[in-house]
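See below for the structure under consideration.
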Amino acid sequence: MKLSCTSVMLPRWDLNETFDRLAEFGYDGVELRCRPNPQDPDAEPFFWGRHRADISPDNVVARAPEIREAAARTGLKVVALAPQATLGQDDLIEKLFAGALAIDSEHPPMIRIGAERHDRSKPYHPQFLAARAGFAALVEKARERGIKILYEIHVGTVAVTASRAYELLRDLDPDHIGAIYDVPNMLRTGLEDTRMGMEILGPYLAHCHIGNGTPVAGERDETGAVPWKWEFSGLREGAAPIARIVADLTGVGYTGFLSLEDFGPGDDTEKVRDQGGYLRQLMNP
């Protein structure tokens, strides 16, 4: 396994700083945010807002030489692009395909593409089948370009577990589509046995988002019920058994990237350094 970090959690670092600091702390790769910045150039940097690196679908081809230079200088691989793109956004997806190939024409970064969110007011199965048909068509386009698509197992999607993700991708070409085993999201929906989930995914286990969370009680409502929410926490502090998950990934022969994903408070440098150091210990016991 190799260690990566999603730059979505690093809005305050510019492009070169992102590569240089991750390399300084022993990372092997970066999952590169590729999303439009807000129009306000003075907006405070934020995970889901303005990023100083400012890589977007509209500029990624033009900035590919900078990205390639940063990757060559630091030895980091651009593992994947992390856009906000869904099936049916053909023009956007074409921009992402072109960007991935501009970064590395021989081994382009994988690209995360989602399906429409699950609508709980409508029957589930038609939504699931529509997503499956959409991915089947997209895989053919990805094969033509030599690109691999990633489906992120995520809260609110049509496949929130490893076993449902397998059913979504089953029989599609695993060379051109795979699943992101997303620990923080699966934790929030009910983390099925980790070894079992990884084995179910089999060849579709293509990438891993590694992070942790803690359930936090809110104020009682007018009925006396206590609402709960999840907050990001350090890898050692949360509810997910991170050490077992890394051991299970090793046990199933996973050789891809662990991509740190921590959207909690704290100093960026400390999070990247300390959480990455802990993952290195687990990866190399």
In region 83-107, which residue that is touching a residue at least 40 places away in the same chain (Cβ under 8 Å), not in a helix (DSSP H, G or I) and not aliphatic (A, V, I, L, M) is nearest to residue 136 (Cα to Cα)?
-> 88
Taking region 93-106 as the region of interest, how many residues are surrounded by fewer than 20 Cβ atoms within 10 Å (Cβ to Cβ) and within 15 Å of residue 31 (Cβ to Cβ)?
-> 1
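Go through region 46-68 and count every residue that is in contact with a Phe, Trp or Tyr (Cβ under 9 Å, 6 or more places away or on another chain) and surrounded by fewer than 20 Cβ atoms within 10 Å (Cβ to Cβ).
3
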Pull up region 28-54, narrow it to residues that are part of a loop (DSSP other than H, G, I, E, B), at pLDDT 95 or above and within 16 Å of the chain's Cα centre (by Cα), then point me to the one that is nearest to residue 176 (Cα to Cα).
-> 34
Out of 270, 261, sole residue that is free of Cβ contacts under 8 Å to residues at least 60 places away in the same chain and either under 30 Å from residue 18 (Cα atoms) or exposed (fewer than 14 other Cβ atoms within 10 Å of the Cβ) (or both) | 270
Looking only at region 204-237, count how many residues are touching a residue at least 60 places away in the same chain (Cβ under 8 Å), more than 18 Å from residue 270 (Cβ to Cβ) and not small (Gly, Ala, Ser).
-> 2
Please verify whether region 192-205 includes one or more residues that are surrounded by 13 or more Cβ atoms within 10 Å (Cβ to Cβ), hydroxyl-bearing (Ser, Thr, Tyr) and in a helix (DSSP H, G or I).
-> yes
On the given criteria, is residue 67 on the phi < 0 side of the Ramachandran plot, of a type in the set (A, V, I, L, M, F, W, C) and part of a strand (DSSP E or B)?
-> no
For region 214-238, name all the residues that are in a strand (DSSP E or B), of a type outside the set (A, V, I, L, M, F, W, C) and within 13 Å of residue 260 (Cα to Cα).
-> 233
Residue 87 meets each of (1) of a type outside the set (S, T, N, Q); (2) surrounded by 15 or more Cβ atoms within 10 Å (Cβ to Cβ); (3) within 15 Å of the chain's Cα centre (by Cα) with one exception, condition (3)
Inspect all residues belonging to region 216-231 and state whether any of them is buried (at least 16 other Cβ atoms within 10 Å of the Cβ) and out of contact with any Phe, Trp or Tyr (no Cβ under 9 Å at 6 or more places or on another chain).
-> yes
Check on residue 14, within 21 Å of residue 146 (Cβ to Cβ) and charged (D, E, K, R) | no
Taking residue 210, is it among the hydrophobic types (A, V, I, L, M, F, W, C) and in contact with an Asp or Glu (Cβ under 7 Å, 6 or more places away or on another chain)?
-> yes
Every residue from region 177-191 that is within 16 Å of residue 248 (Cα to Cα) and either in contact with a Pro (Cβ under 9 Å, 6 or more places away or on another chain) or not in a helix (DSSP H, G or I) (or both) = 180, 181, 182, 191
Of the residues 43, 72, 23, 82, which is closer than 17 Å to residue 150 by Cβ, among the aliphatic types (A, V, I, L, M) and out of contact with any His (no Cβ under 7 Å at 6 or more places or on another chain)?
-> 82
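The values are calculated or read from the model by the stated rules, or taken from the named source; none is laboratory data. Keep in mind the model is a prediction, meaning the values are calculated, not measured. Here the Cβ is made from the backbone with ideal geometry for all residues, glycine too, and neighbour counts use every protein chain on show.
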